[in-house]
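Just below is one structure, and these are the notes that go with it.
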Amino acid sequence: MWRLHGVECKAVCRCYSPEMMRTYWIPDSAPFNPMSDPENKVADSPISLRGEPPIHVAIIPDGNGRWARKQGLTRHQGHRHGVENVHRVLRHAADLGIRYLTLYAFSVENWRRPRREVELLMKLLHDFLSRRITELVENRIRLRVIGRPDDLSSGLQRLIRRAEQSTAEFHEHTFVLALNYGSRSETVDAVKRYAQAVKQGREDPNSLNWDRLAQYLYTADIPDPDLIIRTSGETRLSNFLLLQGAYAEYYFSEKFWPDFGPDDLTEAIACFSKRERRFGKTSEQVRQGITEVVVNS
């Protein structure tokens, strides 16, 4: 539920332009009292969010090349601007209280791109991690990389290990980079690992259910995404978190990734917060506070 200067609103998500939106989370149990807000942020804000932010937001940052073409720039320049935008969005996600932010940085299908473009993308990834390790440590943000990193260059693999080891002790916020990732590849790898466990007597196939299989995915230690965002106006998932996103909400932005800024993330979260997540239950059950979630086993 939303409040506009203390008045409950049901459909204000797109009533304001992103430039006008400033968002603050208010616990469901908290009464609206502008005097209790010493900086008067809530009272001055056009929109206030009620409830908790999503725990995990995943993003498909699409449109760097088309953005560059529109600006009269090269695709490489578009990718560079896209990488620079990651910092802005990551910082704002942490400010909003989002504990996990996953970015689809490079897919297994992206190897099909021109060799020169792939080389430039790998260099940008290397440069990004090199520059941001210290910042991740200073802000106590854990880095996790999911995918098939063994196919990456040895130098990039070393850098990934160093970044993950340097931030492993942090748990409040986690930044997940999907590198050389594909959901189908992840499923194949999970099945192979599970089959090996069965062969070694560590698993009983008669006891297999989703919870057990999920422990063999790349994301075994990461909660499923609550919200998946795709930029650039495309409305497909492109082999991204297909199993984990079974109950996710989806948000498709018309903006190209380099233009998708903090205010756009705020708007996506705003729309997410208006949706009713039922997990197979009825609306009546949700309103009655029945919290048991039954997942296909």
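If the condition is being acidic (Asp, Glu) and either at pLDDT below 85 or loosely packed, with under 14 Cβ neighbours inside 10 Å (or both), then segment 260-284 contributes Glu276, Glu284. Tell me, please, whether a residue that is more than 19 Å from Val83 (Cα to Cα), of a type in the set (Lys, Arg), part of a loop (DSSP other than H, G, I, E, B) and without any contact (Cβ under 8 Å) to a residue 40 or more places away in the chain can be found in segment 227-236. Looking through segment 227-236, at least one residue is more than 19 Å from Val83 (Cα to Cα), of a type in the set (Lys, Arg), part of a loop (DSSP other than H, G, I, E, B) and without any contact (Cβ under 8 Å) to a residue 40 or more places away in the chain. Asp62 passes every criterion in (1) part of a loop (DSSP other than H, G, I, E, B); (2) modelled with pLDDT of 95 or more; (3) surrounded by fewer than 22 Cβ atoms within 10 Å (Cβ to Cβ) apart from (3).
Taking first residues from segment 130-143 that are more than 18 Å from His92 (Cβ to Cβ) and partners that are among the hydrophobic types (A, V, I, L, M, F, W, C), the Cβ contacts under 7 Å between residues at least 6 apart in sequence or on separate chains come to Ser130/Leu159; Ile133/Ala163. Criterion applied to Trp67, Trp111 was being of a type in the set (Phe, Trp, Tyr) and surrounded by fewer than 19 Cβ atoms within 10 Å (Cβ to Cβ), and the one residue passing it is Trp111.
So which of Glu135, Glu109 ends up being farther than 27 Å from Arg184 by Cα and either of a type outside the set (A, V, I, L, M) or in contact with an Asp or Glu (Cβ under 8 Å, 6 or more places away or on another chain) (or both)? Talk me through it step by step, then tell me what you get.
On the way: Glu109 fails: farther than 27 Å from Arg184 by Cα.
The match here is Glu135.
Identify, please: which residue in segment 222-249 is surrounded by fewer than 16 Cβ atoms within 10 Å (Cβ to Cβ) and not small (Gly, Ala, Ser) and is, among those, nearest to Thr102 (Cα to Cα)? Checking each candidate, the answer is Pro223.
When the test is whether a residue is acidic (Asp, Glu), in contact with a helix residue (DSSP H, G or I) (Cβ under 6 Å, 6 or more places away or on another chain) and not in a helix (DSSP H, G or I), Glu254 does not pass it. For segment 216-262, a tally of residues being in contact with a strand residue (DSSP E or B) (Cβ under 8 Å, 6 or more places away or on another chain), of a type in the set (Phe, Trp, Tyr) and closer than 17 Å to Gly182 by Cα returns 2. Applying the criterion of being under 19 Å from Arg148 (Cβ atoms) and charged (D, E, K, R) to the residues of segment 190-213, the residue that is surrounded by the fewest Cβ atoms within 10 Å (Cβ to Cβ) is Lys192.
Scanning segment 92-113 for residues that are at pLDDT 95 or above, out of contact with any strand residue (DSSP E or B) (no Cβ under 9 Å at 6 or more places or on another chain) and farther than 18 Å from Ser238 by Cβ returns a single hit, His92.
The values are calculated or read from the model by the stated rules, or taken from the named source; none is laboratory data. Just so you know, these numbers come straight off a predicted model, no measurement behind them. Positions of Cβ are generated from backbone atoms using ideal geometry, with glycine treated the same way; all protein chains shown enter the neighbour counts.
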